[in-house]
Amino acid sequence: MKINRWVILIASTIINLCVGAVYAFSIFALPLTNVFNASMGEIMMAFTINAAISPIPMILGGKLVDRGGAKIAIFIGGSMFGVGFILSGLATAPWMLYITYGLIAGIGQGIVYSSTIGNTVKLFPDKRGLGAGIVTAGYGGGTIVIAPIANALIASIGVNQALVTLGIAFLVIILGCGILVKPSPVGYAPHGWNPPVTLKNKEAINIPWHEMIKKPLFYLVASMFLIGALSGMMVTANASVIGQTMFGLTAATAALYVSLYSFSNCIGRVFWGAVSDRIGRTYCLMVIYLVIALMMLVLAFSNSVLGFAVAIIGIGLCFGGTMGIFPSIVGEKFGMKYYGVNYGVVFIGYSGAAFFGPRIANSVAAVNNGNFTNAFYIALFISLVGLLITFIYRTMENKLQKTNEITQTV
């Protein structure tokens, strides 16, 4: 079957721009508190539910991808996502948002995200880091694209109609682009590309999830994923507050820095993904953990807006790099046959970061009169732990490689 993988990559990236809109929920949250006469905590619970359930639909979508059903997964997930937004606009109480935005849109988003990533990684065996970086950049860029559109819609037609309008648009765009997506053939190799011997050996490894979780390597990979995302999530959820309370920014200016962070996040996914194709995933992770630690020091010691800007850009680039590199790591260490499900299981590490990261930062700030400095030190320490785990991971990698070479020689 002849396929144009670049067309599929572009279509998948556009699809991810749509489902990445879940991270623009803060745009809807304040207007919804007024509509429902509810507290911010009650409204934000819809987003918490959405984030908490993500590994489940990731695994479901991955299962479909592993069976050649990437297009079907996108249609199912995309329909649920769009309908979830539409029903959120028709909700009349916060508990309805928990079902519509939290569960329906959340499950749909996870199915779509896992299918676009899983299919792309299989289509780019020669450029896995770049392919995964681009398609995940679409997801990370959803907030940048959707937030101003959502703001304009809310101002002109109200938050309920804005959700309905966006839901309809997402249905049309996701299903339209889904038509262009074709599942990767088994063992796909681009024309003219011959995998190196070492890569052929890696491709021969195909480990199902129930065997994967028995291996120490899995726990190292999941831990590195959690740690790489944790510091990013600590800052992501609080960037505006940090800018205002610690660096004297106005709310409007702080919002611009949040956009700068999101843009850096997108660039980091493509940049580090491409770099990892050249120098290796492990060395990239080592650099990422070191840069995160350095940026946390900048946040802790700097009193200037310039220092805040530098740190925001650095952390955004590294958080994006984490999201762009791990899809490739999972495929290379556990094989491509069961990739979709395996990545969904490893993604539990990211979900843990999304759950605990903001809570750690907020708890520390709460007992320090709104000051996040101690949270930065915690993130710095966690990043150094991540660096240590990466060295352990590298050592285990080398041992496994030598064992494989001896086995093949025998």
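The values are calculated or read from the model by the stated rules, or taken from the named source; none is laboratory data. These numbers were taken from a predicted model, which means no experiment stands behind them. Cβ: placed from backbone, ideal geometry, glycine included. Neighbour counts: every protein chain shown.
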Query raised in the report: How do the helices (runs of 4 or more DSSP H) wholly within the stretch 148-267 filter down when requiring 2 or more residues that are closer than 22 Å to Ala11 by Cα and either out of contact with any Leu (no Cβ under 6 Å at 6 or more places or on another chain) or of a type in the set (Asp, Glu) (or both): which remain?
Result: 159-178
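Looking at the structure I just gave you, is Leu60 touching a Leu at 6+ places or on another chain (Cβ under 9 Å) and either in contact (Cβ under 8 Å) with a residue 24 or more places away in the chain or under 18 Å from Leu9 (Cβ atoms) (or both)? Don't jump to the end; show me each part of the working.
Details: touching a Leu at 6+ places or on another chain (Cβ under 9 Å): no; either in contact (Cβ under 8 Å) with a residue 24 or more places away in the chain or under 18 Å from Leu9 (Cβ atoms) (or both): yes.
Judged against the criteria, Leu60 is not a match.
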Report task. Being part of a helix (DSSP H, G or I) and either β-branched (Val, Ile, Thr) or out of contact with any helix residue (DSSP H, G or I) (no Cβ under 9 Å at 6 or more places or on another chain) (or both) is the filter; apply it to the stretch 268-284 and report the residue that is surrounded by the fewest Cβ atoms within 10 Å (Cβ to Cβ). Result -> Ile279
Query raised in the report: Right, Glu203: surrounded by fewer than 23 Cβ atoms within 10 Å (Cβ to Cβ), at pLDDT 80 or above, farther than 30 Å from Ala300 by Cα and more than 24 Å from the chain's Cα centre (by Cα) or not?
Result: no
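One line per residue, one yes/no per condition, for (1) under 26 Å from the mean Cα position of the chain (by Cα); (2) modelled with pLDDT of 85 or more; (3) more than 21 Å from Leu290 (Cα to Cα):
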{"site": "Tyr350", "(1), (2), (3)": "yes, no, no"}
{"site": "Phe372", "(1), (2), (3)": "yes, yes, no"}
{"site": "Ile378", "(1), (2), (3)": "yes, yes, no"}
{"site": "Leu387", "(1), (2), (3)": "yes, yes, no"}
{"site": "Gln401", "(1), (2), (3)": "no, no, yes"}
Query raised in the report: Taking the condition surrounded by 18 or more Cβ atoms within 10 Å (Cβ to Cβ) and of a type in the set (Gly, Ala, Ser), does Ser259 pass?
Result: no
Requested in this report: List every residue pair whose Cβ atoms lie under 8 Å apart, where the two residues are 6 or more positions apart in sequence or sit on different chains, the first residue falls within the stretch 353-381 and is within 20 Å of Ala311 (Cβ to Cβ), and the second residue, located anywhere, is not polar (S, T, N, Q) and not in a helix (DSSP H, G or I).
Outcome: Gly357/Ala237; Pro358/Ala237; Ala361/Ala237; Ala361/Phe372; Asn362/Ala237; Val364/Phe372; Ala365/Phe372
Query raised in the report: For the stretch 1-40, which residues satisfy the criterion of being among the charged types (D, E, K, R) and either touching a Phe, Trp or Tyr at 6+ places or on another chain (Cβ under 9 Å) or under 13 Å from Ile146 (Cβ atoms) (or both)?
Result: Arg5
Query raised in the report: Taking only pairs six or more apart or across chains, which ones have beta-carbon atoms under 7 Å, a first residue in the stretch 1-28 that is more than 20 Å from Ala73 (Cα to Cα), and a second residue that is among the small types (Gly, Ala, Ser)?
Result: Tyr23/Gly142; Ala24/Gly142; Ala24/Ala147; Ala24/Ala150; Ile27/Ala147; Ile27/Ala150; Phe28/Ala150
Report task. Assess whether Val385 counts as being assigned to a helix (DSSP H, G or I), under 23 Å from Lys215 (Cβ atoms), touching a residue at least 60 places away in the same chain (Cβ under 8 Å) and touching a Lys or Arg at 6+ places or on another chain (Cβ under 6 Å). Result -> no
Requested in this report: Scan Pro195, Pro208 and give me the residue that is under 29 Å from Ile72 (Cβ atoms) and at pLDDT below 80.
Outcome: Pro195
Query raised in the report: Picking from Val287, Val235, which residue would you name as being crowded, with 20+ Cβ neighbours inside 10 Å and under 22 Å from the mean Cα position of the chain (by Cα)?
Result: Val235
Query raised in the report: Which one of Thr100, Thr136 is under 24 Å from Gly232 (Cα atoms) and hydroxyl-bearing (Ser, Thr, Tyr)?
Result: Thr136
Query raised in the report: Only one of (1) surrounded by fewer than 17 Cβ atoms within 10 Å (Cβ to Cβ); (2) in contact with a helix residue (DSSP H, G or I) (Cβ under 7 Å, 6 or more places away or on another chain) fails for Cys177. Which number is that?
Result: (1)
Query - Enumeration of residues in the stretch 322-359 that are surrounded by fewer than 19 Cβ atoms within 10 Å (Cβ to Cβ) and aliphatic (A, V, I, L, M) - result: Ile348
